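Before any comments, here is the structure.
Readers should treat all values here as calculations from the given coordinates under stated rules, not as data from a laboratory. What you see is a predicted model, and the numbers here were worked out from it, not measured in a lab. Because the Cβ atoms are built from the backbone with ideal geometry, glycine has one as well, and the counts that use them run over all protein chains shown.
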Amino acid sequence: MKTILLFLLFTTQYLFALISITPVEIGENPGLHTKINASLETKRGNTDRDNYKAGTRIAYDNNTTYVTWMELSGEYGKSNSIENTNKLFMHIRYIHAVTKENIRAEALAQIQNDKFKLINERTLAGGGLRFKVFDTIKNSKGYFGVGAFYEHISYTSNDPIENNLIMNNYLAYTMTFPNGALFTYTFYYQPMISNFGDYIQSHKAQLKLNIYERLYLSFKLSYDYDSVPPQGIGKYDFYQETAFIFEF
């Protein structure tokens, strides 16, 4: 146990980073559960950097017909005394059983800002259906989701305020290994209903390894592509994170 604690103290990049891309199942974790995450990165010397992250996730699963969860997070960072990260995020989702096993209805709402993507405020609300395509094939599950949401965006730049109707389509795949490791991949395709040439693609993959009891090591990759970004913003973002996760 001492060896594990020393390993965490000297090698962790982000501690208690609890964000998961794995689809939530009704009855998988009954009752009320809360997860809290916080991280601090400080570098001095040849590199001068500060980065702060915090968030919480609250979920309630009634074990029979529905599950609902809310997620709040924020991140702020500086490099050489120059601000380079400043964003907030809140997401609420409600999932209800349409059939006993395979079909779920989803309703969602979200609000966020991101100074360095020039987003002053982005709010959205919508819903759709999620279908379980397969289950228990080599301990894996596959999902397909389809729906739509209304989106309102105001920018910190001179870009005009947008009010859009967006299709929300996604594929999700999870695979559980005998040693308790979990792999998840999710693909989102979100075109504007009025202009299919204006769309967002998102690819997210995560591998979660069990280290000790409720302690996990997570490797996450994310690639997002916006075909028509705001002026001055690039079309893609790539993100990699190595994190320790404590679940309770």
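Rounded to the nearest 500, the 222 nm mean residue ellipticity of the chain from helices alone is -1000 deg cm²/dmol, with -39,500 (n - 2.57) taken per DSSP H run of at least 4 residues. Using only side-chain charges placed at the Cβ, +1 for Lys and Arg and -1 for Asp and Glu, the dipole size of region 2-246 relative to its Cα centre rounds to 660 debye. One decimal place: the segment S227-E162 gains 21.9 nm when fully extended, by the rule 0.36 nm per residue minus the C-alpha distance.
Loop-located GluC sites (Glu not before Pro) in region 106-183 (DSSP state not H, G, I, E or B) with no more than 15 neighbouring Cβ atoms inside 10 Å do not occur. Backbone geometry of region 139-148 corresponds, through the Karplus equation with coefficients 6.51, -1.76 and 1.60 at θ = phi - 60°, to 3J(HN,Hα) couplings of 6, 10, 9, x, 10, 10, x, 9, x, 7 Hz, x marking Gly and Pro.
The stretch between E101 and T65, if pulled fully straight at 0.36 nm per residue, gains 11.9 nm over its current Cα-Cα span. Shape summary: the chain maps onto an equivalent ellipsoid whose semi-axes, from the alpha-carbon gyration tensor, are 28, 28, 16 Å in decreasing order. Its Cα gyration tensor gives region 61-142 an equivalent ellipsoid. The semi-axes, each the square root of 5 times an eigenvalue, are 35, 16, 11 Å from largest down. Among the trypsin sites (Lys or Arg not before Pro) in region 173-228, those located in a DSSP loop and surrounded by at most 13 other Cβ atoms within 10 Å of their own Cβ are R214. Note on Y185 and L129: the extension gain reaches 18.3 nm, defined as 0.36 nm multiplied by sequence separation minus the Cα-Cα distance. One Cα centroid belongs to region 22-65, the other to region 203-235; the line between them spans 14 Å.
The relative contact order of the chain, computed from alpha carbon pairs under 8 Å that lie at least 6 residues apart in sequence, is 13 percent.
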